[in-house]
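The values are calculated or read from the model by the stated rules, or taken from the named source; none is laboratory data. None of these values were measured; they are calculated from a predicted model. Backbone-built Cβ (ideal geometry, glycine too); neighbour counts: all protein chains shown.
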Amino acid sequence: MSSTEQTQQHVAVLGGGPAGLMAAWELVEAGYKVTIIERDDKVGGMCATLKFEGKHGDYRFDFGGHRFITHNPELLKFVDELMAEDLLYAERKSVIRFKGRIYQYPLAIGDLLKNAPFSLLFGAAVDLLLLPFKKRPENRRDSSFAEWIETRFGKTLYKNFFEGYTGKLWGINPNRLSADWASQRISLLDLKDVARRLLPQKKDTPRTYARKYRYPKLGFGHLYTRLGEELVKKGVDIRLNCNVSDIKTSDDKITAIGFTQNGEEHQLNIDSVIATIPLSDMCRMTGYDSGLEFRSLRFFNMPMEKENISDNTWQYLSDPEILGTRLQEPRRRSPYMAPEGQTSVMIEIPCNKGDEIWDMEGDKLRERVLTDLETLGIDRNINTGEYFTAYTEHAYPLMDVDYQDKREKAITHLCQFDNLVMSGRQGSFRYIFTDTAMEMGQLAAQSIIKGEDRRREIFDFRNENVVLEVQSVA
Ligand SMILES: Cc1cc2nc3c(=O)[nH]c(=O)nc-3n(C[C@H](O)[C@H](O)[C@H](O)COP(=O)(O)OP(=O)(O)OC[C@H]3O[C@@H](n4cnc5c(N)ncnc54)[C@H](O)[C@@H]3O)c2cc1C
């Protein structure tokens, strides 16, 4: 063994999603020995793309359509260079479907006047007048989503656009959901902003919403399979189908990672760990029950015998009676997502692992989804008869009203291990986009390379009260 090999530090990266892959990139570039341990049979995590061979050809489905936007020019350059001509520009067009009506998103005055019922317009106008007299909760941390939205947007908009959708998405009453969800997802501050934005905008008014975005030709996951290939070329050891099941510790250090592969148990001795797997799982494997939970998603993917269903990237399905929260047509992002002349639909259905939806037999779920599509005016007979479903267990960190306290205790517990850096969306228990997960992975690696404890900074990285899209450079 050469002296370089003898002194080379070995870092285990747990999870091969965007955060783990970017951490590995930084580490291998800095001369570290890196092993990625990934449970799935591919890298990419929630950003992976699945291929389906249908009777008309190949279809591709993301785990819920993704798009790449960032405000970080260096990261954008990295992605541009990695993907070169395989990166497309797509344009977003979204609508909200509610009670048989279709509203443009973001809201536009002409469209609202044309489509909204009088009761909604009247109610929102009265709420706008009464808004200055309503007492707002001072502290986001101590208030619920329902209270936060009602005191900012009024009861009418809350009831029409937020209550049903939010309850369906999270599976809990919005008055048990933390207001953090609102501040991170809803770019407009209150009803006055809505009203202001409905007026014709000056040319130089900044947009709160990124219309253009990057999207790889063969699905979002194409970006991460390419990144994985480059990492292997650089010497990173990527172990797929390996489930991290045990964390060995001694005093304040992690000494080894236990994982199972094809039913066999293995152990990897390491110097440091970057973990992008769920915060709650890392706590459990080190002897602490955090009480943190995730909301899951089941995706229902169907080839359709038609060239296009609509020109919308996203259709938000607000009615509580409709099972899914979003309907997407993957070829709106890239024409390569379906065979020529054909299209497909993907429905995102929120659930909890092991509940009725998660366990529902495929044909039964298909029947239910086709009935919902009919309600939305989509002909059920254009489905080729084929379908497949996919699952994401840790889709959304459940931000209930107590989550901040539970998260803080979990962080304190894990920070006792000096050589562990948590990172990424599941690892930090934060609702973050892909670019932030990638940046977090880079930061985690940098903290090891520079020997600095930046864990608190990473947990709260980009925790601004603005929706990221506002500042997108894409
Ligand atoms: C429906 C939906 C739509 C989204 N749309 C967008 C979008 O349009 N744009 C955007 O930027 N972001 C979007 N996101 C967010 C994006 O998916 C995440 O920000 C990103 O995937 C986070 O990357 P990560 O590496 O932190 O986590 P993940 O992608 O979750 O990766 C974690 C990895 O850890 C692995 N793992 C977990 N447990 C174990 C274990 N015990 N052993 C081994 N491996 C394990 C998992 O298999 C996974 O590969 C969306 C998310 C969802 C759910």
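Enumerate the helices (runs of 4 or more DSSP H) found wholly within the stretch 42-131, keeping only those where 3 or more residues are modelled with pLDDT under 90 and surrounded by fewer than 19 Cβ atoms within 10 Å (Cβ to Cβ). Quick ask: steps written out before the conclusion?
Details: elements: 73-83, 109-115, 118-130.
Because the criterion is at least 3 residues that are modelled with pLDDT under 90 and surrounded by fewer than 19 Cβ atoms within 10 Å (Cβ to Cβ), the helices (runs of 4 or more DSSP H) in the stretch 42-131 that meet it are 109-115, 118-130.
Starting from residues that are part of a strand (DSSP E or B) and either more than 16 Å from the ligand (Cβ to nearest atom) or in contact with a Ser or Thr (Cβ under 7 Å, 6 or more places away or on another chain) (or both), keep the ones in the stretch 407-437 and report whichever is farthest from L279 (Cα to Cα). Break it down into steps so the answer makes sense when it comes.
First, pick out the residues of the stretch 407-437 that are part of a strand (DSSP E or B): 420-422.
From what's left, either more than 16 Å from the ligand (Cβ to nearest atom) or in contact with a Ser or Thr (Cβ under 7 Å, 6 or more places away or on another chain) (or both): 421-422.
Values: V421: 11, M422: 8 Å.
Ranking the candidates gives V421 first.
Looking for whichever is within 16 Å of the ligand (Cβ to nearest atom), touching a helix residue (DSSP H, G or I) at 6+ places or on another chain (Cβ under 9 Å) and in contact (Cβ under 8 Å) with a residue 12 or more places away in the chain here; the options are F388, F459. Which one fits? Walk me through how you get there before you give the answer.
Numbers: F388 fails: within 16 Å of the ligand (Cβ to nearest atom).
After applying the criteria, what remains is F459.
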ask   = Which of the residues belonging to the stretch 450-465 are assigned to a helix (DSSP H, G or I) and surrounded by fewer than 16 Cβ atoms within 10 Å (Cβ to Cβ)?
value = K450, R456, E457
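Is it the case that T313 is crowded, with 17+ Cβ neighbours inside 10 Å and among the polar types (S, T, N, Q)? Even if it seems obvious, please write down each step before you answer.
Values: crowded, with 17+ Cβ neighbours inside 10 Å: yes; among the polar types (S, T, N, Q): yes.
Yes; evaluated as a whole, the condition is true for this residue.
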request  = Could you figure out which of (1) in a helix (DSSP H, G or I); (2) surrounded by 17 or more Cβ atoms within 10 Å (Cβ to Cβ); (3) touching a helix residue (DSSP H, G or I) at 6+ places or on another chain (Cβ under 9 Å) isn't true of Q404?
outcome  = (2)
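With respect to T325, is the statement that it is more than 23 Å from F161 (Cβ to Cβ) and in contact with a helix residue (DSSP H, G or I) (Cβ under 6 Å, 6 or more places away or on another chain) true?
Details: more than 23 Å from F161 (Cβ to Cβ): no; in contact with a helix residue (DSSP H, G or I) (Cβ under 6 Å, 6 or more places away or on another chain): yes.
Answer is no for this residue.
I'd like to check something: does the stretch 291-310 contain any residue that is of a type in the set (V, I, T), more than 22 Å from S447 (Cβ to Cβ) and crowded, with 17+ Cβ neighbours inside 10 Å? Steps first, answer last, please.
Within the stretch 291-310, the first condition is being of a type in the set (V, I, T), and the residues that meet it are 309.
Those left that are additionally more than 22 Å from S447 (Cβ to Cβ): 309.
Now narrow it down to the ones that are crowded, with 17+ Cβ neighbours inside 10 Å: 309.
Yes - at least one qualifying residue is present in the stretch 291-310.
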key: Residue identified as at pLDDT 95 or above, part of a helix (DSSP H, G or I) and of a type in the set (D, E) among E5, E26   = E26
ask   = Which residues, counting only those in the stretch 239-252, are more than 9 Å from the ligand (Cβ to nearest atom), touching a residue at least 40 places away in the same chain (Cβ under 8 Å) and more than 18 Å from V34 (Cα to Cα)?
value = T249, D252
